[in-house]
Amino acid sequence: MSVDSKLKNVPAYVTRDQSEIRELVHPSLHGNHAQSLAEAVIRPGQTTRLHRHQQTEEIYHITHGQGRMTLADNVFEVSIGDSICIPPGSPHCIENTGSTDLHLLCMCSPAYSHNDTELLESE
């Protein structure tokens, strides 16, 4: 298994929910099997699209900035140090309510897949 987890060496891409992601550890890249770890960046004023994953349980851990999390019927503020567990099938999105980029670590089990991302709102 080869892991180059230096953030500066990991290319970014945009997921279906419109967040910018860097896959730090993912089975398709590193040979692990059961989970993935990524950093997401949400720009000031940006909100990810409301979506859910039928298979994947996610944990978000906020490392920089502040925002507002929607998780099923709950809406609450998040900031540095907060961790949020997102059960499979739960509609969710996150809005950057601050003036700087919102950074979060996203742990997924099983690993993140575009095919397991169901968008719940139109563009």
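The values are calculated or read from the model by the stated rules, or taken from the named source; none is laboratory data. Not measured: the values here are computed from a predicted model. Cβ atoms come from the backbone with ideal geometry, glycine included; neighbour counts cover every protein chain shown.
Scanning the range 77-123 for residues being assigned to a strand (DSSP E or B) and either acidic (Asp, Glu) or more than 20 Å from residue 53 (Cα to Cα) (or both) gives a total of 8.
Within the range 34-58, residues that are surrounded by fewer than 17 Cβ atoms within 10 Å (Cβ to Cβ) have Cβ atoms under 7 Å from residues that are part of a loop (DSSP other than H, G, I, E, B) and among the hydroxyl-bearing types (Ser, Thr, Tyr) in these pairs: 44/99; 44/100, counting only partners at least 6 apart in sequence or on another chain. Only one of the numbered conditions (1) touching a strand residue (DSSP E or B) at 6+ places or on another chain (Cβ under 7 Å); (2) within 20 Å of residue 37 (Cα to Cα); (3) of a type outside the set (Ser, Thr, Tyr); (4) not in a strand (DSSP E or B) is not met by residue 55, and that is (1). Here residue 67 meets each of (1) assigned to a strand (DSSP E or B); (2) over 17 Å from residue 95 (Cβ atoms) with one exception, condition (2).
All of (1) in contact with a Pro (Cβ under 8 Å, 6 or more places away or on another chain); (2) under 23 Å from residue 13 (Cα atoms); (3) surrounded by fewer than 17 Cβ atoms within 10 Å (Cβ to Cβ) hold for residue 105 with one exception: (1). Among what's in the range 71-95 and is among the polar types (S, T, N, Q) and over 13 Å from the mean Cα position of the chain (by Cα), pick the residue that is surrounded by the most Cβ atoms within 10 Å (Cβ to Cβ). Going through the qualifying residues, I end up with 90. For first residues located in the range 1-21 and over 17 Å from residue 92 (Cα atoms), partners that are at pLDDT 65 or above and assigned to a loop (DSSP other than H, G, I, E, B) and lie 6+ apart or on another chain with Cβ distances below 9 Å form the pairs 1/31; 1/32; 2/31; 3/31; 3/32; 4/10. Among the numbered conditions (1) more than 24 Å from residue 10 (Cβ to Cβ); (2) touching a Cys at 6+ places or on another chain (Cβ under 6 Å); (3) modelled with pLDDT under 95, the only one that residue 120 does not meet is (2).
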